[in-house]
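All remarks here apply to the structure that follows.
The values are calculated or read from the model by the stated rules, or taken from the named source; none is laboratory data. Only a predicted model underlies this, so the values are computations on that prediction, with no experimental measurement involved. Cβ: placed from backbone, ideal geometry, glycine included. Neighbour counts: every protein chain shown.
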Amino acid sequence: MKSILILLFLSPFFLFCQFQIGHTTLTFNDPSRNGGFGSGGGPGRQIQTEVYYPTFIAGENTPVATFPEFPVIVFGHGFAMGWDAYQNIWEHLVPQGYIMAFVRTEGSLIPAPSHGDFGQDLALVSTKMLALNSTAGSPFNGKIKQKSVIMGHSMGGGATMLAASNNTNIAGIVGLAPAETNPTAIGVCGNISVPALIFSGSSDGVTPPAEHHIPIYQGIASTCKSFVSITGGAHCYFANSNFKCDFGEGTSSQGISISRADQQDKTYWLLDPWLKYVLGSDCFALTDFQWKLNNTIGTVNQGTCTPSGTNATIFYDNMSTLWTTTPGTAYQWYWNGQIMQGETNDTLVPPVDLGGDYSVSVFSPSGCETSSFITLQGSISVLPLDYQLIYQAAQNNIQITTNTPFTGSVSLQDIHGRMMNQEVVNATNIIFSSSQLAKGVYFVRLGNVPAKRILVY
């Protein structure tokens, strides 16, 4: 008789860790149009783009980190605002493992910017950035995951809708106080079916929510969309202080009752898990996002998006067959971590006398991946993972003790969702140092087991 040791945990498509920030300037060309901004020569439209990327050595044109691959976020600026107004955003996201591309076209006051061209620029840069993954000689060759999100603020948020309306190659969109545009952003939202996240400041007088943000959100056809209204929030506070934006807001917005830092913290609190779900296929992150959507103080939220990933399960019939009851659109079996070619059904008949570790990856319609692991060795036993947390103040550490050996990712986050520590372990006793942690509440997560809180005092 054989035995089965079952260890269940969620396997995100990739793990986030903290990187340094590298920078380079790229100029893309659209031969079908004219104008633009940037050098490069030749006919067509020049689209200068400032690219910030994960690296191990911060600076200009330093080597891209090896991860192995990073998803892309293409960003559209607000009216008369430069890309440098959004330093707060790239400094927050790039260290987590994202490549950010800031499009510099349509930044003038006179002549007035072309919203239609800006939307086309965002769509083209998204396509061009992904193509660099297979471009010989590019520093991004082999470094770019084939998933991208288009994000924009104000005018750039409206242009994001224009970019997404005829683009099937993006994974999602984010609008920060998105503005109605000409051609109409509201009018094309019915063509958008990818996951969408819209942020709004309730005191925004530059792009009043009732005229801009809400109609855009309501018009989006996606079955996975969310709207976040930050109580007392401003239009310009999504970015760093910018004279032109702040001047316009000073003449139009009333009732702002939140600081710029607080508004940005609330934004990141919800944006981070949403991006992990959309770009990382992390099903647990969607559950995390939905919990935060419903429980974040100082916001009025709504949304609909059903988590499509659950914990996979494997069963053994004591005779010849392994199977999973977890529904999915695709399956892949592994033996001792090696892919089993052709084993892509929900059942597996292990080769005779081939013991060892078996696992199955189950893929949902959204791309989420969940896994289960089993070891064939003698009689049947099932050991679901559980763990306990102890804060040892005298030793300046957090002790994590599991009921069975755990193999996988262990992470420690603060209440803002910022990653404080993350390790891949194979142990029953794990120690995280707390010497560099400020007093407060933190969350520890092992695999797909719900995160547990611990107070550092």
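For region 159-171, state whether one or more residues are on the phi > 0 side of the Ramachandran plot, hydrophobic (A, V, I, L, M, F, W, C) and surrounded by 24 or more Cβ atoms within 10 Å (Cβ to Cβ).
Checked against the condition, which is being on the phi > 0 side of the Ramachandran plot, hydrophobic (A, V, I, L, M, F, W, C) and surrounded by 24 or more Cβ atoms within 10 Å (Cβ to Cβ), region 159-171 yields no hits at all.
Under 9 Å by Cβ, and 6 or more places apart or on different chains, what pairs join a residue from region 323-351 that is under 13 Å from I374 (Cβ atoms) with one that is surrounded by fewer than 18 Cβ atoms within 10 Å (Cβ to Cβ) and among the β-branched types (V, I, T)?
W323/T347; T324/T313; T324/T347; W333/I339; W333/T344; L348/T321; P350/T321
Going through region 89-110 one residue at a time, which ones are under 21 Å from T207 (Cα atoms) and surrounded by fewer than 24 Cβ atoms within 10 Å (Cβ to Cβ)?
Correct list: G107, S108, L109, I110.
For (1) hydroxyl-bearing (S, T, Y); (2) touching a Pro at 6+ places or on another chain (Cβ under 8 Å); (3) modelled with pLDDT of 95 or more, each residue gets a yes or a no:
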residue: G187; (1), (2), (3): no, no, yes
residue: N191; (1), (2), (3): no, no, yes
residue: S202; (1), (2), (3): yes, yes, yes
residue: T207; (1), (2), (3): yes, yes, yes
residue: I214; (1), (2), (3): no, no, yes
residue: A221; (1), (2), (3): no, no, no
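Could you tell me whether any residue of region 207-223 is part of a loop (DSSP other than H, G, I, E, B), assigned by TED's automatic domain parsing to the domain that holds I73, touching a Lys or Arg at 6+ places or on another chain (Cβ under 9 Å) and among the small types (G, A, S)?
No: region 207-223 contains no residue that is part of a loop (DSSP other than H, G, I, E, B), assigned by TED's automatic domain parsing to the domain that holds I73, touching a Lys or Arg at 6+ places or on another chain (Cβ under 9 Å) and among the small types (G, A, S).
Report yes if Q302 is in contact with a strand residue (DSSP E or B) (Cβ under 7 Å, 6 or more places away or on another chain) and within 28 Å of N166 (Cα to Cα), otherwise no.
yes
Could you check region 189-206 and list, in sequence order, the residues that are in a loop (DSSP other than H, G, I, E, B), under 23 Å from the mean Cα position of the chain (by Cα) and surrounded by 20 or more Cβ atoms within 10 Å (Cβ to Cβ)? Step through it out loud before you land on a result.
Taking region 189-206 as the starting set, the residues that turn out to be in a loop (DSSP other than H, G, I, E, B) are 192-195, 202-206.
If we keep only those that are under 23 Å from the mean Cα position of the chain (by Cα) as well, we get 192-195.
Result: I192, V194, P195.
Restricting to region 1-22, name every residue that is crowded, with 17+ Cβ neighbours inside 10 Å and modelled with pLDDT of 90 or more.
Across region 1-22, the qualifying residues are F19, I21, G22.
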